[in-house]
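Peer 1: Provided herewith is a single structure, encoded as structure tokens, for subsequent inquiry.
The values are calculated or read from the model by the stated rules, or taken from the named source; none is laboratory data. Quick caveat, the model's predicted, so the values are computed rather than measured. Ideal geometry is used to build each Cβ from the backbone, glycine not excepted, and the neighbour counts take in all protein chains shown.
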Amino acid sequence: MNTLIQNCIKNKSSKVPIWLMRQAGRYLPEFRSIREKNQDFISLCLNTKLSSEITIQPINRFGFDAAIIFSDILLVPYALGQQVNFKKDYGPNLQKIDLKIINSVKREDFLQKLNPVYETVKDIKKKLLMVDKDTIGFVGAPWTLLLYMLNRRSPKEGNFSVFPKDKYIHNILAKLDEFLKIHIEAQIKSGASIIQIFDSWAGLLPEKDLEFFVYKPIKSLVDFIRQKKTISICFPRNISNYKKFVDNVNPDIINIDYNVDPSIISDTIDIPIQGGLDPKILLQNKEIVRNEVTKYLKTFDKKRYIFNLGHGVLPDTNPDMVKYLVDKVRSFYGQ
Ligand code: CP3
């Protein structure tokens, strides 16, 4: 049997699937209680028992239509030998990059290091098989990972310059293409039915650099995912022209951010669309939430649409508001 998302992307059905980015995270008390006892974030991602439990928490609570594996895009630089730490109120902190180390990493060693993630995927797949929900694996896009690897922390908007397209950058991008495919394939083999590609910092690039840093490297991953007969979702956050991205990259589903006008997306893009709602809306009152949800559902009424946010759930979100959101989406079509 097909899942709701698989049906939705094949043909416009009356049911709108819903899941949220960062649905497993700090807004949930059951997540915080595990996190308090596990200070090291990377070790937590690599603890199959706990990461599996965290992945399933929002499914148990809200009945979302898909589970996204509790892991992180920065596990790839970590498995390529670049140390990563998560510091409180600072975010990720990466050690200086060493290309000699990265160039010497073997496929088997990389897979061995990330094996707990694949075990989590297998466990979630088993749990979701009975209920016909999707298991979503993911990777960071090459551009966003390159940026973290060189900048060593989250970039600040406006305070950054594009890297030269020299041999050094080509070398890192080639390694990322190779190992992201290894990571994607292992997640698919373990049971991921969808792979989402997060290009969180695509919006920092000027138009003239998109082909080299965004379109070409993501298309290589999307083509690979398609060869493996798996669904791809791309999220080039804050990119100024989603239509051009879709024309160049050809993903199965496009996730939009909250700065873009959904009616323009609806008028110009023909592939299934996901997301859009500003996560800050969930910090407002129910009336505002209801109005905004209705706006997105009406705008995409004639389209194949998966409900989601325009970025991750914020830590200050009240779980009751997430429940309200899910109820509103479900009741809109009398589901
Ligand atoms: O529920 C899910 O969405 C699945 C798990 C998931 C996490 N990170 C867990 C996480 C996913 C899909 C990601 C992707 C990710 N990680 C991205 C792309 C999406 C985006 O947010 O733009 C990026 C850029 C990262 C890197 C990263 N990880 C940053 C910048 C941070 C710190 C910011 C923060 O919220 O504190 C993280 C940490 C992180 N990854 C948390 C979670 C639940 C918070 C960790 C904590 O409890 O302290």
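Peer 1: Being within 16 Å of the ligand (Cβ to nearest atom) and either within 15 Å of D199 (Cβ to Cβ) or among the aromatic types (F, W, Y) (or both) is the filter here, so list the residues in the stretch 158-187 that pass it.
Peer 2: Matches in the stretch 158-187: F160, L176, L180, I184.
Peer 1: Please find, within the stretch 155-165, the residue that is surrounded by the most Cβ atoms within 10 Å (Cβ to Cβ) out of those that are under 23 Å from the mean Cα position of the chain (by Cα) and touching a residue at least 40 places away in the same chain (Cβ under 8 Å).
Peer 2: The residue in question is P155.
Peer 1: Can you name the condition, by its number, that E292 falls short on among (1) part of a helix (DSSP H, G or I); (2) touching a residue at least 40 places away in the same chain (Cβ under 8 Å); (3) surrounded by 15 or more Cβ atoms within 10 Å (Cβ to Cβ)?
Peer 2: (2)
Peer 1: Checking D278 against (1) crowded, with 19+ Cβ neighbours inside 10 Å; (2) within 19 Å of the chain's Cα centre (by Cα), only one condition comes out false. Which one?
Peer 2: (1)
Peer 1: For L147, only one of the following conditions fails: (1) closer than 26 Å to S52 by Cα; (2) within 16 Å of the ligand (Cβ to nearest atom); (3) within 20 Å of the chain's Cα centre (by Cα); (4) surrounded by 13 or more Cβ atoms within 10 Å (Cβ to Cβ). What is its number?
Peer 2: L147 satisfies all of (1) closer than 26 Å to S52 by Cα; (2) within 16 Å of the ligand (Cβ to nearest atom); (3) within 20 Å of the chain's Cα centre (by Cα); (4) surrounded by 13 or more Cβ atoms within 10 Å (Cβ to Cβ) except (1).
Residues checked against (1) in contact with a His (Cβ under 9 Å, 6 or more places away or on another chain); (2) free of Cβ contacts under 8 Å to residues at least 24 places away in the same chain; (3) surrounded by 17 or more Cβ atoms within 10 Å (Cβ to Cβ); (4) over 30 Å from D132 (Cα atoms):
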site	(1), (2), (3), (4)
K167	no, yes, no, yes
A174	no, yes, no, yes
L180	no, no, yes, no
A192	no, no, yes, no
I195	no, no, yes, no
D199	no, no, yes, no
G203	no, no, no, yes
E211	no, no, no, yes
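Peer 1: If I filter the stretch 78-111 down to residues being buried (at least 18 other Cβ atoms within 10 Å of the Cβ) and near the ligand (Cβ under 10 Å from one of its atoms), which single residue comes out as farthest from F179 (Cα to Cα)?
Peer 2: P92
Peer 1: Only one residue in S263, S220 is over 23 Å from K15 (Cβ atoms) and assigned to a helix (DSSP H, G or I), so which one is that?
Peer 2: Going through S263, S220 in turn, just one is over 23 Å from K15 (Cβ atoms) and assigned to a helix (DSSP H, G or I): S220.
Peer 1: Moving to a separate point now. Could you check S232 against (1) away from the ligand (no atom under 12 Å from the Cβ); (2) within 17 Å of the chain's Cα centre (by Cα); (3) farther than 29 Å from K125 by Cα; (4) not acidic (D, E) and say which number it fails?
Peer 2: The one condition S232 does not meet is (3).
Peer 1: Here's a follow-up. Only one of I18, I73, I54 is modelled with pLDDT of 95 or more, within 30 Å of D301 (Cβ to Cβ), crowded, with 17+ Cβ neighbours inside 10 Å and within 15 Å of the ligand (Cβ to nearest atom). Can you tell me which?
Peer 2: I18
Peer 1: Without any contact (Cβ under 8 Å) to a residue 40 or more places away in the chain, touching a Lys or Arg at 6+ places or on another chain (Cβ under 9 Å) and either buried (at least 23 other Cβ atoms within 10 Å of the Cβ) or not charged (D, E, K, R) (or both): is that true of I34 in this structure?
Peer 2: Here the answer is no, as I34 does not meet what is asked.
Peer 1: Do we find a residue being over 16 Å from the mean Cα position of the chain (by Cα), at pLDDT below 95 and among the basic types (K, R) anywhere in the stretch 166-174?
Peer 2: no
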